[in-house]
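The values are calculated or read from the model by the stated rules, or taken from the named source; none is laboratory data. Keep in mind that what you see is a predicted model, and the values were worked out from it rather than measured. In this analysis, Cβ positions are derived from the backbone assuming ideal geometry, glycine residues included, and neighbour counts consider all displayed protein chains. Side chains included, ligands, DNA and RNA excluded: accessible areas come from the protein's heavy atoms. Shrake-Rupley method; radii C 1.70, N 1.55, O 1.52, S 1.80 Å.
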Amino acid sequence: MKAFKPRVFSGVQPTGNLHLGNYLGAIARFVEMQNSHDCIYCVVDMHAITVWQDPKELARNTREVTAAFIAAGIDPGKHIVFNQSQVHEHAELAWVFNCVARMGWLSRMTQFKEKAGKDRENASVGLFAYPSLMAADILLYLATHVPVGDDQKQHLELTRDIAQKFNNDFAESIAAHGYGEAFFPETEPLIQGPATRVMSLREGTKKMSKSDASDYSRINLTDDADMIALKLRKAKTDPEPLPSEIAGLKGRAEADNLIGIYAALAGTTKEAVIAEFGGSQFSAFKPKLADLAVERLAPIAGEMRRLLADPAHIDAILKDGAERASAIAAETMKGVREVVGFVGGR
Ligand code: TRP
């Protein structure tokens, strides 16, 4: 198989209320990848509008996600941070991919089924085509690795299917234009760590979500220290002490979730947390968890507030990132145009 240069790409939707699930499942992982890879992190505002967004909120949320990236430790000078809509090639390649992907493939996407609900006739066409745009995000940069939460696994599989079908359908043209045996890489998802799925603090079988009616179900990245501690103190648990072995977490969703959160915040494993706290009561564990969460999250919230006080600075970071992203995207799109047989262009 053709070797592609390792490159990381990932995206976060600016749809409001970033929470601990977004942080542990995505942003904290983005930060880690910076040491080993060239990374591109994108605020996917075009994905956000697949469901209605108030324009003022969309702009505010785009800056908030950007601030969260930077506050968490992403370096926009060494890597690339930008918002999707500033690089028009995302829309351009998504169209080509709409013509590669099959209706049947997209109809099977669980995220579409969940988001569209019963009223499918009334879902936007964009919501249906969402995974083509996501494949375009990734493949425009020939990204080889994508850190995501486990809910995005299916979309990553679809991205590989699109890359494969494009490589096959256009094989002759790809070779004729000097791109060898494959134009696009087969991208790998990176889904690891103890908290790829952070659950609600009120109900351990439901994902932590920005749309949950109870604010106590989640820790928002903008919560201050008191709020973080209060929410963890009130988090639902069962009456048993913490188990002494991993197997003891079975059927105890809330305990599993809190231990997973502790492990992820401490940068360790659930096994190690159980080795330390096995047999303790929740009344002893929760204050330790709260201290750790405050220690890790409160500085991020503070830095986000500081950054958000100067939106022009954030906008300048996004513009600079978009310019650097565009240079790569334009190069890929030039190749796509040749391969597909579009006349002229850049
Ligand atoms: N679909 C992702 C989510 O909802 C966001 C996203 C869009 C993304 N484009 C991407 C993630 C590309 C990884 C790579 O979380």
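The figures follow:
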{"quantity": "Principal-axis tilt of helix 282-308 within the chain, Cα atoms, nearest 10 degrees", "calculated": "40 degrees"}
{"quantity": "Potential extension, residue 172-residue 78 segment - 0.36 nm per residue separation minus Cα distance", "calculated": "30.1 nm"}
{"quantity": "Among 138, 68, 47 the positive-end extreme of the charge dipole of the chain (Cβ point charges)", "calculated": "47"}
{"quantity": "Cα→Cβ-extended label distance, 7 Å offset, between residue 120 and residue 306, nm", "calculated": "5.0 nm"}
{"quantity": "Degrees between helix 153-169 axis and first principal axis of the chain (Cα, 0 to 90, nearest 10)", "calculated": "10 degrees"}
{"quantity": "C-alpha long axis of helix 55-72 to longest principal axis of the chain, angle in °", "calculated": "70 degrees"}
{"quantity": "Simple Cβ-charge dipole of the chain, Lys/Arg +1 and Asp/Glu -1, about Cα centre, in debye nearest 20", "calculated": "420 debye"}
{"quantity": "Accessible area expressed per residue, segment 215-306, with surrounding protein chains retained (probe 1.4 Å, Å²)", "calculated": "47 Å²"}
{"quantity": "Antiparallel %, DSSP beta bridges [both residues in the chain], to 5", "calculated": "15 percent"}
{"quantity": "Heavy-atom SASA rank of 108, 337 (probe 1.4 Å, accessible area, largest first)", "calculated": "108, 337"}
{"quantity": "Out-of-range pairs (alpha-carbon distance over 30 Å; input 2/319; 5/165; 113/286; 207/270; 56/288; 231/319)", "calculated": "2/319; 113/286; 56/288; 231/319"}
{"quantity": "Spacing of the two label points (7 Å from each Cα toward its C-beta) at residue 236 and residue 323, in nm", "calculated": "5.1 nm"}
{"quantity": "Gaussian network model of the chain, springs between alpha carbon atoms under 10 Å - residue of 177, 313, 145 with greatest fluctuation", "calculated": "177"}
{"quantity": "Directionally averaged projected area (convex hull, Cα atoms, the chain), nm²", "calculated": "18.6 nm²"}
{"quantity": "Inter-part distance where segment 1-80 and segment 257-330 are each reduced to a Cα centre, Å", "calculated": "13 Å"}
{"quantity": "Cα-centred dipole magnitude for segment 243-346, charges only on beta-carbon of K, R (+1) and D, E (-1), debye, nearest 20", "calculated": "220 debye"}
{"quantity": "Sulfur and carbon atoms: percent of accessible area, the chain [1.4 Å]", "calculated": "52 percent"}
{"quantity": "Cα-projected label distance for residue 315 with residue 34, points at 7 Å along beta-carbon direction, nm", "calculated": "2.4 nm"}
